[in-house]
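Asks: Okay, handing you the structure first.
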Amino acid sequence: MRVAEMNWMQVEARVAADDRCVLPIGSVEQHAYLSLCVDMILSEKVAVDAAEPLGVPVYPAVPFGITPYFSDFPGTVTLRVTTYIALIDDILESLYRGGFRRIVMVNGHGGNGPVQGFLQEWMGRRRDAKVKFHNWWNSPKTWAKVQEIDPAASHASWMENFPWTRVPGVRLPQEKKPQIDYARMRLSNPAEVRKLVGDGNYHGLYERTDGEMLALWNVAVEETRAIIERDWP
């Protein structure tokens, strides 16, 4: 259930019965012809769809993340690593004060990886709390489904093109984009990254059928639900 659809008294009653909650995190950055908010949209939706049958509260997605390499693409917003860690620290402390002790962080953006090290530090301070960090898109079953559908899958390619991440009225290229030079990208400044990646797709087709995308989504939701539901120490 979305926290946006609850009041504080309902949250208080819920946490007294079940100390789990879900915090989606994403990014606002270029995704070629798709929405700038792809990572935020997908992390929140997969969290909500997964948690709904369990009755576990899902907070609104933290929209902004760490994406300095895309900062030359208009519309992109990036936070400094120190800012982002401080933000996550404040949010976790608030959740802790509210009584939550088992928190699943559903991540939709690879650049947010630095937070994983911080979570170990935070759990060292809050020793009765547990935080799971879940990269929903490349967790084992979801990534296996991606590979089954089409191994040529990447940032801003077909694998992020769901009905809820499309921009109305935008037509997509029909050809398969060649793979960019990843080694060169890792050594590039933002201007060089923009020149290297062009429209923003790293490689592969821009779209596949809705049937394939919904099949992928169902796997991602089930895998995320298992993370929320099971294997808590």
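Read-outs: derived from the displayed coordinates by stated rules, not from any lab. Because the structure is a prediction, the values reported are computed rather than measured. So basically every Cβ, Gly included, is an ideal-geometry build from the backbone, and we count neighbours across all protein chains shown.
Asks: If I take R0 = 25 Å and measure r between the Cβ atoms of Arg2 and Ala86 in this structure, what FRET efficiency does the formula 1/(1 + (r/R0)^6) give, to the nearest 0.05?
Replies: It comes out at approximately 0.45.
Asks: When a/c is below 1.5 the answer is rounded, else prolate if a/b is larger than b/c, else oblate, so apply that to the stretch 33-95 with a ≥ b ≥ c taken from the square roots of the Cα gyration tensor eigenvalues.
Replies: Oblate, since a/c reaches 1.5 and b/c is not below a/b.
Asks: State the number of lysine pairs found in the chain whose Cα atoms come within less than 21 Å, restricting to pairs 8 or more positions apart or on distinct chains.
Replies: The number of close lysine pairs in the chain is 8.
Asks: Compute the separation of the alpha-carbon centres of the stretch 181-233 and the stretch 38-77 and state it in Å as a whole number.
Replies: 13 Å
Asks: May I pose another question? At a 10 angstrom cut-off on C-beta neighbours, averaged per residue, how do the peptides 217-226, 4-13, 62-71, 88-97 rank from highest to lowest?
Replies: Packing proxy ranking, top to bottom: 62-71, 217-226, 88-97, 4-13.
Asks: Shifting gears a bit: Kindly express, to the nearest 10 degrees and within the range 0 to 90, the angle between helix 140-149's C-alpha long axis and the longest C-alpha principal axis of the chain.
Replies: It is inclined by approximately 30 degrees.
Asks: Related question: As a test of the formula, what do you get for the chain when each DSSP H run with n ≥ 4 contributes -39,500 (n - 2.57) and the sum is divided by the residue count, at 222 nm and rounded to the nearest 500 deg cm²/dmol?
Replies: So the helix-based figure for the chain works out to -12500 deg cm²/dmol.
Asks: Here's another thing I want to ask about it. With angles folded into 0 to 90 degrees, how steeply does helix 210-229 sit against the dominant principal axis of the chain? Use alpha carbons for both and round to 10.
Replies: The helix 210-229 is inclined about 30 degrees to the chain.
Asks: Something else now. Where a ≥ b ≥ c are the square roots of the eigenvalues of the C-alpha gyration tensor, would you call the stretch 160-233 rounded, which needs a/c under 1.5, or, failing that, prolate if a/b is larger than b/c, or oblate?
Replies: Judged from the Cα gyration tensor, the stretch 160-233 comes out oblate (a/c at least 1.5, b/c at or above a/b).
Asks: For the chain, how big is the tail of P(r) above 28 Å, as a whole percent of Cα pairs?
Replies: Within the chain, distances greater than 28 Å cover 32 percent of Cα pairs.
Asks: List the GluC sites (Glu not before Pro) in the stretch 140-187 that DSSP assigns to loop (not H, G, I, E or B) and whose Cβ has at most 16 other Cβ atoms within 10 Å. Which are they?
Replies: Qualifying residues, ordered by number: Glu175.
Asks: Against the longest principal axis of the chain, how steep is helix 81-97, in degrees 0 to 90 to the nearest 10, with axes from Cα atoms?
Replies: Compared with the principal axis, the helix lies near 30 degrees.
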